[in-house]
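Structure record follows, encoded as structure tokens.
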Amino acid sequence: MKIFYAIQATGNGHISRAIQLYPHLKKFGEVDFFLNGNNSSLTIDLPVKFKSKGCSLHYSKCGGLDYWDIAKNIQPIQMYKEAKALPLKNYDIVINDFEAITALACKMQKVHSVQFGHQASFVSDATPRPEKKSLIGELILKHYAPSPKHIGLHFKKYDSFICPPIIKDEIVNAAPTNKHYITVYLPSFQKSCLENAFTKLPERQFHWFLNDIKSKHTIGNVTFYPVNQKDFNESLIHCEGIITGGGFETPAEALYLGKKVLSIPIRNHYEQECNAAALKKMGVPVVYDAGNDFHTIIANWLNAKTNYPNMQANNIPETLQFLFDTYND
């Protein structure tokens, strides 16, 4: 088979999932990847045949989205040309992980596709939503990268087509310990927004992963790391808990390891608000503002007992067979 796999690179989660899936996909045939966006900071060890700047997320200084920056970097005419040029009819299957140009190309070229990934789970109304739904947010989730078929990934099986999270082999095969430090991964926050909160807890050690850090170094009780998959996995495996956004892959991996999780969803990011609603139902604390009392919130979180449900890892070969069967149905 010839497989076309489109990835939305607005963060590291989609790429991390594709890297984990690639060895399994190769058993079905030759795989070409299309990468859309420029937010990822991971080394991409994949056969990327097509690339686009497309539509990428841009963040404000302290935990929100910069919609003006997002809008001014969108080039609709260029995206239309790229969609028209994608040779999708040369492929036996098109897998789309929430990528708009491929969705447009499928429509223009009358090519079948299947949407596969976390965002595909929101086609179901049974998937958790916040108390106050966003009309615009719902439209984006359901129509940004439309496809006739869907295989979703989520924390729980909220519907028949939703599968468990894809957990990296390094996490599945790990022997987790508690070395009593806190891992921090909050890509929408700059260093100045949170540094005071961590220094106000001098008895606690923090491993903080930041995109603009060039090399590992320690200042006081905080060790700063560049965003690196190997170092992050190691930190997560041996931490006491993690402070992270309202994404999907990182909380899923932390819960799989039995770690404490404190979630701060990106402001005005509807998908993360939906994820936060799901996490709250599972007993994970969620905060929406890292203000002057954030150090107190962290201390209370660390002192609280947790009773999260066990997180199941995805059976990748079984899920991929389900995907191909769904595509051909």
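Using only DSSP helix segments of four residues or longer, with each worth -39500 (n - 2.57), what per-residue ellipticity at 222 nm results for the chain after dividing by its residue count and rounding to 500?
On the way: 12 runs with 114 residues, N = 329.
Calculated at 222 nm, the ellipticity per residue is -10000 deg cm²/dmol.
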Residue 181 - accessible surface, heavy atoms, 1.4 Å probe, Å² rounded to 10
20
Stretched out fully, how many nm does the piece from residue 85 to residue 221 gain, at 0.36 nm a residue minus the Cα gap?
43.8 nm
Set of lysines with alpha-carbon distance to residue 142 below 21 Å, sequence-local pairs under 8 removed:
107, 110, 132, 133, 156, 157
Suppose we keep just the DSSP beta bridges with both residues in segment 197-255; what percent of those would be antiparallel, to 5?
40
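Restricting to the chain, compute how many DSSP beta bridges are antiparallel as a %, nearest 5.
Values: 5 of 49 bridges.
Given both bridge residues lie in the chain, the antiparallel proportion sits at roughly 10 percent.
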Give, in nm to one decimal, the length gained when the segment between residue 233 and residue 143 is fully stretched (0.36 nm per residue of separation minus the Cα-Cα distance).
29.1 nm
Cα-Cα pairs in the chain separated by more than 33 Å, as a whole percent of all pairs, come to 24
Can you give me the % of accessible surface on the chain that is carbon or sulfur? Probe 1.4 Å, all protein chains present, nothing else counted.
51
Value of relative contact order over the chain, rounded to a whole percent, pairs C-alpha under 8 Å and six or more apart:
16
How large is ³J(HN,Hα) for each residue in segment 179-190, as worked out from phi by the Karplus curve 6.51 cos²θ - 1.76 cosθ + 1.60 (θ = phi - 60°), to whole Hz, x for Gly and Pro?
9, 6, 10, 10, 8, 10, 9, 9, x, 8, 10, 7
Which is farthest toward the positive dipole end of the chain among 22, 33, 118, measuring Cα position about the Cα centre, with Cβ charges +1 (Lys, Arg) and -1 (Asp, Glu)?
33
On average, how much accessible surface per residue is there in the chain, in Å², for a 1.4 Å probe, leaving out ligands, DNA and RNA?
46
So for the pair residue 302, residue 124, with labels modelled 7 Å out along Cα→Cβ, what separation do we get in nm?
3.7
Cα gyration tensor category, rounded, prolate or oblate, for segment 215-329 with a/c compared to 1.5
prolate
Go through 210-216, 287-293, 192-198 and give me the packing order, highest mean Cβ count within 10 Å leading.
192-198, 287-293, 210-216
Applying a 10 Å radius around every beta-carbon, put 203-209, 47-53, 26-32 in order of their mean neighbour count, most first.
203-209, 47-53, 26-32
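The values are calculated or read from the model by the stated rules, or taken from the named source; none is laboratory data. Quick caveat, the model's predicted, so the values are computed rather than measured. Cβ: placed from backbone, ideal geometry, glycine included. Neighbour counts: every protein chain shown. For accessibility, only protein heavy atoms count, side chains too; no ligands or nucleic acids. Shrake-Rupley method; radii C 1.70, N 1.55, O 1.52, S 1.80 Å.
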